[in-house]
Every structure is written in structure tokens, then in C-alpha cells.
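Before any comments, here is the structure.
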Amino acid sequence: MKICFLGGARYSQPLDQTSTKKFQALSELGEIFVIGFSHSLKPKCFNECARFYLLPKFPLPVLRYLAMFTVGPVVALWLIWRHRIRILVAQSPYEGFAAAMAKVVAGWFGPQIVLVVENHGDFEVSLFLQRRVHLFGLYRLLMRITACFALRSADLLRAVSNSTQEQLQKRAPGKPIIRFVAWTNIDVFLYGRLDRTEDKRSIVYVGVLIPRKGVHHLINAFAKVAIDFPQVRLMIIGREENKAYTAQLKAQVERLGLNQRVRFVSDMPQAELAQWFRQAWVMVLPSLSEALGRVVIEAMATETPVIGSNVGGIPEMVQNGVNGFLVAPGDEVGLAERLRWVLEHPEETERMGQRARIFAKQFFSTAAYVNSYRQLFEKAQAILEKQ
């Protein structure tokens, strides 16, 4: 079986540890090809666990979309004819447009393709919560057209949470949907020494720095409790995806007089991130929109409870008062109250973290992830045999 994934993910050569483990696991299912993006303006092609065809990472998102929409179908078509690929997996409805174009053109000349379109987030809203979009109305119309074309062309759909499944059911009624969570190298987080000493006590946020993640609400909530807990620090870990928003966050920290209490740290390998989680008392994900929130389960695996917004797939993992807390998105007062509870009840918080770890071990495993894709590809193969 030969499968090609198309997506907006960026890959390095050599692959990082997480990507290596993922594609090693998926290689059990067949020969894997990947169309994605490099970390620079230089396109790349290499073979490591899978065959990677990476488009240049242009600085503007609109240029990356154009590259995927124009070059992506050409690369996919070449792989269809050169390597006889028959299953295309688009990792969002937008990349699905490129895959759908390749499917249609290939069909004109004979090869029948099964298209799987995945939904890893609220594709209709989340994009516009990440950054300011010029010509908003036109941009939204074009994105809706491309997503609808992809979903109409899809043979199978994959969701990562209940909320993303409901969105797919609404936009593509009647299409078969398989639901399973996104990949994480869970073993990195499950195994390691805890190091929660008083002088290292911290609150941690992990994720890209974009408005949709609601980090500005977290900073305001932290300011409400910081004066009463002078030993506590807030660690904001993530890539500065939106430079303007990041600058606003840093200005907000300075304005609140929290320069010595809040630290910004760049994104890092998962093994290093696991150490930060193990030193934290709580991880906070204050998102305004979130498909699932992989960092939730990663934090839980290190016995770190989570305070998360009651949106998207977060409530599927965070059981309020059991392994963490849920707050309304944007509710800074409610978030501050939960932070205060965690800091005032360290023993109860540790027990909450222990329950979080038990849940994480049950929620995700590499074997379950691979088996879910096996079932998906078996359904795709059955469709091909009927054509």
C-alpha cells in the first residue's frame, strides 16, 4: 500500500525525534510519501522513514497557500504516476483542495484515487483568530470555496475530536468519518523524573503565540494572583508565529510590572518540553478555539494537571475538578480563581496530576494511533477495489 500525506507541517532534515517515531510507526502500514514544507526558502527532497517532498516556506501565509494550491497538485500527480500512489491524505480541508485537484486530473487519465480529508481544527474560524487578515471577506470566501471542494471530493473523512467531527458532519453530511486523536510521542512525557521543588514552582503555557490561543487572558489572570505568590513564575513556551501579537504580549507583561515573573521561551524538542512540564504545577491552555490541544495530554502524561478553556476538544480530556479545571474562554477572573486554588492546594493538585497521568495513558498510545490509521486505509482500499 502506498499513501501520500499532504499538509502544511514543516519538516527538517534530519527529522526531529517526534517525526521520526511517527513515520517509523506509520511505515508498518505501507510506503509513505509526504508533501509538506521545509524550514527555509529552499525546497527539499529526501528519504527518511518516508519520502519527503518539501515546498519552500515562504514568509507570508498567503504565499504558502498558493504554493500548496499550485505546486502541491503537480507533485501529487507526479507521485501518482511515478509511484502508483492511490491514497491521498490531506491534513486539512485547505490542503484537501490540492489533493482533490490531483484526484480529479488523475481520474481524467485513468488512475482512480481515494481521497481522505482530515480536520485537525475549526477550519472555518481558527484561521481568522490567528492573525489579522486583510480583505477578510474575500479571503474567507476563497477559503470556504476551497474547503467545500475538498470535502465534496473526499471519499473518507477523519476528525481528531467530537467538535471537529460535528463540523465535518455539518459540512459534508453522509460522508464516512473515522475519529482518532493527533500524533504525539507520548513515551517522552510518560517516562522521566518529576522535579517539583518549591524554588522551581511554575505555571506553564505551551503553544504557538497567536491571538487564538488567548495568552493575553492568561497574563491578565496571572497578574491577579502574582502578588500573593511571589515565588511563582509564568513560563510562556512557544514559537512566535505572530510577531505583532508576541510584541503585544511582551508589552502587556511590562505594563503589568511582571518582567521578573514572566518568561518567554522558544519552542523546543519534546524531550526538553517534558522536563518543563515535570517542573510545573499546572499547564494552562486558555484557547478561544481549539480542536483538541495535544499539549493537554502531553502535560497530563507528566502528572501535570491542566486548566483549559471549555472549547473544542479540550473538555474531552480535562475532567473538571478531576484531572484539571475548565474555564470559559476569555474568563480572566475564573482563570485566576483556578490558578489560586492550584497554588493554595499543592497536595490536592498533585493528586489531580496523578489522575491526569492515568487518563493520558488510557487516552493515547502509539499502537492505537497506528491501528486507527490501519482501519482508515483498509476502508480506503475497499473503496478502490469497488471502483
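Structure above, values below:
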quantity: Selection within region 157-188 - surrounded by fewer than 18 Cβ atoms within 10 Å (Cβ to Cβ) and small (G, A, S); calculated: G174
quantity: Complete set of residues in region 173-187 that are over 20 Å from R294 (Cβ atoms) and touching a residue at least 24 places away in the same chain (Cβ under 8 Å); calculated: K175, P176
quantity: Flag if G313 is under 21 Å from G121 (Cα atoms) and crowded, with 24+ Cβ neighbours inside 10 Å; calculated: yes
quantity: Residue list for region 221-240, restricted to those being crowded, with 17+ Cβ neighbours inside 10 Å and part of a helix (DSSP H, G or I); calculated: A221, F222, A223, V225, A226
quantity: Failed item in (1) touching a Leu at 6+ places or on another chain (Cβ under 7 Å); (2) farther than 28 Å from A25 by Cβ; (3) among the small types (G, A, S), with G107 passing the rest; calculated: (1)
quantity: Sole residue being closer than 29 Å to L157 by Cα, of a type in the set (D, E) and assigned by TED's automatic domain parsing to the domain that holds I178, chosen from E378, E290; calculated: E378
quantity: When residues of region 288-302 are limited to those that are of a type outside the set (A, V, I, L, M, F, W, C) and surrounded by fewer than 24 Cβ atoms within 10 Å (Cβ to Cβ), the one nearest to E348 (Cα to Cα); calculated: R294
quantity: Filter result for I314 (assigned by TED's automatic domain parsing to the domain that holds R233, β-branched (V, I, T), within 24 Å of R179 (Cβ to Cβ) and in contact with an Asp or Glu (Cβ under 9 Å, 6 or more places away or on another chain)); calculated: yes
quantity: Cross-chain or 6+ apart pairs with Cβ under 7 Å, region 153-172 first and within 28 Å of G107 (Cα to Cα) and assigned by TED's automatic domain parsing to the domain that holds R86, then assigned to a helix (DSSP H, G or I) and of a type in the set (S, T, N, Q); calculated: A159/Q165
quantity: Helices (runs of 4 or more DSSP H) enclosed by region 301-387 - at least 2 residues per element that are over 18 Å from R278 (Cα atoms), touching a strand residue (DSSP E or B) at 6+ places or on another chain (Cβ under 8 Å) and not hydroxyl-bearing (S, T, Y); calculated: 332-344, 366-386
quantity: Qualifying position, being closer than 24 Å to N220 by Cβ, at pLDDT 95 or above and surrounded by fewer than 18 Cβ atoms within 10 Å (Cβ to Cβ), among G321, G308; calculated: G321
quantity: Residue among I80, I85 that is in contact with a helix residue (DSSP H, G or I) (Cβ under 6 Å, 6 or more places away or on another chain), assigned to a loop (DSSP other than H, G, I, E, B) and surrounded by 17 or more Cβ atoms within 10 Å (Cβ to Cβ); calculated: I85
quantity: Residue identified as crowded, with 16+ Cβ neighbours inside 10 Å, over 17 Å from the mean Cα position of the chain (by Cα) and modelled with pLDDT under 95 among R201, R193; calculated: R201
quantity: Top-ranked residue of region 288-304 - restricted to ones that are at pLDDT 95 or above and among the small types (G, A, S), ranked as nearest to H120 (Cα to Cα); calculated: A299
quantity: Residue check, A150 assigned by TED's automatic domain parsing to the domain that holds Y369 and part of a helix (DSSP H, G or I); calculated: yes
quantity: Selection count, region 229-258, where residues are free of Cβ contacts under 8 Å to residues at least 12 places away in the same chain and either among the β-branched types (V, I, T) or touching a helix residue (DSSP H, G or I) at 6+ places or on another chain (Cβ under 7 Å) (or both); calculated: 0
quantity: Inter-residue pairs, beta-carbon under 8 Å, first in the same structural domain as E95 (by TED's automatic domain parsing) and surrounded by 14 or more Cβ atoms within 10 Å (Cβ to Cβ) and in region 8-19, second at pLDDT 95 or above and among the β-branched types (V, I, T), 6+ apart; calculated: Y11/V34
quantity: Pair list, Cβ under 8 Å, 6 or more apart: region 204-228 residue in the same structural domain as M283 (by TED's automatic domain parsing), other residue part of a strand (DSSP E or B) and of a type in the set (G, A, S); calculated: G214/S309
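The values are calculated or read from the model by the stated rules, or taken from the named source; none is laboratory data. Computed from a predicted model, the values in this text were never measured in an experiment. Counting neighbours? That spans all protein chains shown, and the Cβs are built from the backbone with ideal geometry, glycine included.
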